[in-house]
Amino acid sequence: MLPSQSLRKAIAQGWIVAGAWRIPGESVQPASIDLRLGEHAWALRCSFLPDSDSTVEEKIQDIAFERIDLRDGATLERDRPYLVPLIEELRLPDAIRAKANPKSSTGRLDVFTRVLTDRNHRFDEIPGGYGGRLYLEIVPRTFAIRVKTGLALNQVRLMAGNARLSDEELISLHDSSPLLYRDSRPVDASEISIADGLFLRLDVSGSAESIVGYRAKKNSLPIDLTKVGALRWRDYWEPVHPERGGRIVLEPEIFYLLLSAEGVSIPPEYAAEMLAYDPTAGELRTHYAGFFDPGFGYHRDKTAPGSRAALEVRARDVSFMVEHGQPVCKLAFERMAEPPDVLYGKDVGSSYQGQLTMLSKHFAEQQQAAPGRA
């Protein structure tokens, strides 16, 4: 995976272009580049599957019914799919492929997004040698959202070859540079659950008065994604308290924010992806394929217990009980081509380093919302 210094070179060499726009320095993260919304969106009658025989704009000719100007901002309705041409375009060499992910704040607001490219049947995965436009499908699930041209909801990574670590390599890496912490100590290798990735467990511990998560309120006012720290969290969320025995019951089709029991530490030479819904876990979706930059929760002196991961959870069809300590999601680790010259955290003004609450950066009163540690 290409690090920040290589991504800047990629921009200079024209692998990523923005037409009449400039790609600002702050768009370059330790292992990704922010993708910004263009000047308009199409409201769609329904979503669709891309294919290898047509462009994205050809596919939507019969299902796009309104063109919305985003230059001064616009509100996107709940449960309506939209398609937005992005400012950035790709001109990839044959040996370089790309993969897109929602930004962390996007997932924490239950905004479903995925990137589409012309004549490609896969979402978010962009083959080597691709040259063309990028499009973002946006479906606000719980809250209506207000967006504007230039806002970044997604990010793209560039990579070559097979970067993913095997389970044996993960155990070896954890021995040399702990990846998971619990109760401020590295998790013993014998307690780690691994199967094509590293499992994280759920934290729903504490007294009946403690807050272990948040249940989204529907029919709230729209959330302006361009404003940080401007909203009262209680206007949009209800606190979730644990039942006796360390468990909670998730109501069907309601969006929840929870926290991992472990603190996660991503060394500079690696990045990680939280893999989306695993059907073997039952009728439960536990994440929207989030991305962890090099340096997330990492401290060179290994004195801090990592940063806990926010878990975006929705039960399907029926109520679903989850208990403290259950494995509910999985991290896959990938090698960086070299350590980035900036790391997640203070280097890039990251919002979620050392987080104790899972709410997005748009909400104030974060300290009042933080649950206790496991």
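The values are calculated or read from the model by the stated rules, or taken from the named source; none is laboratory data. Predicted, not measured: the structure shown is a model, and the values here were computed from it. So basically every Cβ, Gly included, is an ideal-geometry build from the backbone, and we count neighbours across all protein chains shown.
A few notes on this one:
- Of all residues assigned to region 314-336, none qualifies as being out of contact with any Asp or Glu (no Cβ under 8 Å at 6 or more places or on another chain) and at pLDDT below 65.
- Strands (runs of 3 or more DSSP E) contained in region 120-161 and holding at least 3 residues among the aliphatic types (A, V, I, L, M): 131-140, 152-159
- The criterion of being within 17 Å of ARG114 (Cβ to Cβ), within 22 Å of the chain's Cα centre (by Cα), at pLDDT 95 or above and of a type in the set (A, V, I, L, M, F, W, C) does not hold for LEU49.
- Output for region 170-207, where each listed residue is assigned to a helix (DSSP H, G or I) and closer than 17 Å to PHE292 by Cβ: LEU170, LEU173, HIS174
- Beta carbons closer than 7 Å, at least 6 apart along the sequence or on distinct chains, pair a first residue in region 326-340 that is within 14 Å of ALA163 (Cα to Cα) with a second that is buried (at least 22 other Cβ atoms within 10 Å of the Cβ) and of a type in the set (Ser, Thr, Tyr) for PHE333/TYR270; GLU334/TYR270; ARG335/TYR270; MET336/TYR270.
- The criterion of at least 2 residues that are within 22 Å of ILE126 (Cβ to Cβ) is met by the following strands (runs of 3 or more DSSP E) wholly inside region 14-74: 33-36, 40-44.
- When THR106 is tested against (1) more than 27 Å from LYS218 (Cβ to Cβ); (2) not in a loop (DSSP other than H, G, I, E, B), exactly one condition is not met: (1).
- Residue check for SER193: in the same structural domain as MET358 (by TED's automatic domain parsing), closer than 17 Å to LEU258 by Cβ and of a type in the set (S, T, N, Q): no
- Among residues of region 43-99, those that are aromatic (Phe, Trp, Tyr) and on the phi > 0 side of the Ramachandran plot, counted: 0
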